[in-house]
Amino acid sequence: MNAKDEAEMEYFGSTIRLQNENVTLRDTVQALNAALSARDDELANIEDELSDRENEVTRCERALELRVAQFNQEAEELVQQKEDHRRLKLECKKLQNQNKIE
């Protein structure tokens, strides 16, 4: 085999090796793209779940605020009832004392 034939064989061998490397790189890039796509889908699902949980927290906060407002209203009513009861009790004592005097 002469030098020209050896050079051509080396050239073709290099070309085949580069084609094989290109195929390997292309396969690797496709695999990485598929993995990235799967991660993107996973991230989108996590974001959806997070949004759902944030909405649930907001609903719970509103319900709690309403319950606190209702509790405060009931507490005010009880304080007023207690005050009314105390005032009626004093009135009763006054009337009893007036009846004793008469």
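Key figures for this structure:
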quantity	calculated
The chain, accessible surface, carbon-and-sulfur percent (1.4 angstrom probe)	56 percent
Probe 1.4 Å, protein heavy atoms only - accessible area per residue of the range 1-78 in square angstrom	92 Å²
In order through the range 23-35: 3J(HN,Hα) via Karplus (6.51 cos²θ - 1.76 cosθ + 1.60), integer Hz, x for Gly, Pro	4, 4, 5, 4, 4, 5, 4, 4, 5, 5, 4, 5, 5
Stokes-Einstein translational diffusion, the chain - Kirkwood Rh over all Cα pairs, 1.567 mPa s, 4 °C, in µm²/s	57 µm²/s
Residue-by-residue Karplus 3J(HN,Hα) for the range 73-86, coefficients 6.51, -1.76, 1.60, Hz, glycine and proline x	4, 5, 5, 4, 4, 5, 4, 5, 4, 5, 5, 4, 4, 4
The range 84-102 versus the range 14-47: alpha-carbon centroid distance in Å	92 Å
For the range 46-54, 3J(HN,Hα) per residue [Karplus equation, 6.51 cos²θ - 1.76 cosθ + 1.60, θ = phi - 60°, Hz, x = Gly/Pro]	5, 5, 4, 5, 4, 4, 4, 5, 4
Inter-label distance, nm, simple model (7 Å from Cα along the C-beta direction), Ser51/Gln30	3.3 nm
Signed unit charges on C-beta, dipole axis of the range 1-93, positive-most listed residue Leu88, Ala35, Leu64	Leu88
Calculated FRET efficiency for the pair Gln73/Gln98, C-beta based, R₀ 30 Å, to 0.05	0.20
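The values are calculated or read from the model by the stated rules, or taken from the named source; none is laboratory data. Here the structure is a predicted model, which is why all the values come from computation and not from measurement. Glycine also receives a Cβ, built like all others from the backbone with ideal geometry; neighbour counts cover every protein chain displayed. We work out accessible area using only protein heavy atoms, side chains counted, and drop any ligands, DNA or RNA first. Shrake-Rupley method; radii C 1.70, N 1.55, O 1.52, S 1.80 Å.
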